[in-house]
1. Look through segment 79-104, keep the residues that are β-branched (Val, Ile, Thr) and modelled with pLDDT under 95, and return whichever of them is nearest to GLY120 (Cα to Cα).
2. Count, please, the residues in segment 73-90 that happen to be surrounded by 18 or more Cβ atoms within 10 Å (Cβ to Cβ) and closer than 24 Å to ILE112 by Cα.
3. Report whether or not LYS82 is in a strand (DSSP E or B), basic (Lys, Arg) and either over 13 Å from ARG137 (Cβ atoms) or out of contact with any Phe, Trp or Tyr (no Cβ under 6 Å at 6 or more places or on another chain) (or both).
4. Being aliphatic (A, V, I, L, M), touching a residue at least 40 places away in the same chain (Cβ under 8 Å) and either within 13 Å of ASN58 (Cα to Cα) or assigned to a strand (DSSP E or B) (or both) is the filter here; which residues of segment 91-123 pass it?
5. Of the conditions (1) free of Cβ contacts under 8 Å to residues at least 40 places away in the same chain; (2) outside any strand (DSSP E or B), SER65 satisfies every one except a single condition; which number is it?
6. Could you list, in sequence order, all residues of segment 47-62 that are assigned to a loop (DSSP other than H, G, I, E, B) and either more than 24 Å from ASN117 (Cβ to Cβ) or under 12 Å from the mean Cα position of the chain (by Cα) (or both)?
7. Quick check on this structure: which one of TYR84, TYR126, TYR59 is among the hydroxyl-bearing types (Ser, Thr, Tyr) and free of Cβ contacts under 8 Å to residues at least 24 places away in the same chain?
Amino acid sequence: MMNEGSGEIISDKSGNDNSGTIDQASWIQGVNLEARTTVKDKSDLLNNKPSSFSLNQNYPNPFNSTTTITFNLPKATILNLKIYDLQGRLVKSLIQHARLEVGIHSVQWSEIDEIGNRVGSGVYLYNLESGDFCQLRKLVLLK
């Protein structure tokens, strides 16, 4: 069962034969979250191969309870996606040392920290790291 506020991969546009619903925990080794991926149309996936790594701005931003973070992977890679407070303390590891395939990926965060507590309003940083690629963005939680 997924804890409220855990990172949930909600979209995988990797171009692989991932039609239908996949148990994310068994599909991606090392993800410390439980999630499901639903692919509606396999033909849409084949045209969505990104040309470079990128971490997109979360939406909505600012957000009240749940926000979506999307990122592009031009090649299969092992990555980390983490949220930090402005003092640099880890708030939540959404994806930890997981291998993801080429494509456009989305993860939801619902203001829950590593130990299951709701975090307070404020500015947070989210960071995507994969090999030599590292990108940091800011998100704002308003309650």
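The values are calculated or read from the model by the stated rules, or taken from the named source; none is laboratory data. Please read all numbers here as calculations on a predicted model, not as lab measurements. Please note: Cβ atoms are built from the backbone with ideal geometry, for glycine as well, and neighbour counts cover all protein chains shown.
1. Going residue by residue through segment 79-104, those that are β-branched (Val, Ile, Thr) are 83, 91, 95, 102, 104.
Now narrow it down to the ones that are modelled with pLDDT under 95: 102, 104.
Numbers: VAL102: 34, ILE104: 29 Å.
Filtering first and then ranking leaves ILE104.
2. Taking segment 73-90 and keeping what is surrounded by 18 or more Cβ atoms within 10 Å (Cβ to Cβ), we get 73, 79, 81-83.
Then keep just the ones that are closer than 24 Å to ILE112 by Cα; that gives 79, 81-83.
Going through segment 73-90 one residue at a time, the tally reaches 4.
3. Working: in a strand (DSSP E or B): yes; basic (Lys, Arg): yes; either over 13 Å from ARG137 (Cβ atoms) or out of contact with any Phe, Trp or Tyr (no Cβ under 6 Å at 6 or more places or on another chain) (or both): yes.
Yes; evaluated as a whole, the condition is true for this residue.
4. Pass one, segment 91-123, residues aliphatic (A, V, I, L, M): 91, 94-95, 98, 100, 102, 104, 107, 112, 115, 119, 123.
From the residues that got through so far, the ones that are touching a residue at least 40 places away in the same chain (Cβ under 8 Å) too are 94-95, 98, 100, 102, 104, 107, 112.
Selection gives LEU94, ILE95, ALA98, LEU100, ILE104, VAL107, ILE112.
5. (1)
6. Residues of segment 47-62 assigned to a loop (DSSP other than H, G, I, E, B): 47-53, 56-58, 60-62.
Result: ASN47, ASN48, LYS49, PRO50, SER51, SER52, PHE53, ASN56, GLN57, ASN58.
7. On the way: TYR84 fails: free of Cβ contacts under 8 Å to residues at least 24 places away in the same chain; TYR126 fails: free of Cβ contacts under 8 Å to residues at least 24 places away in the same chain.
When all the criteria are applied, what remains is TYR59.
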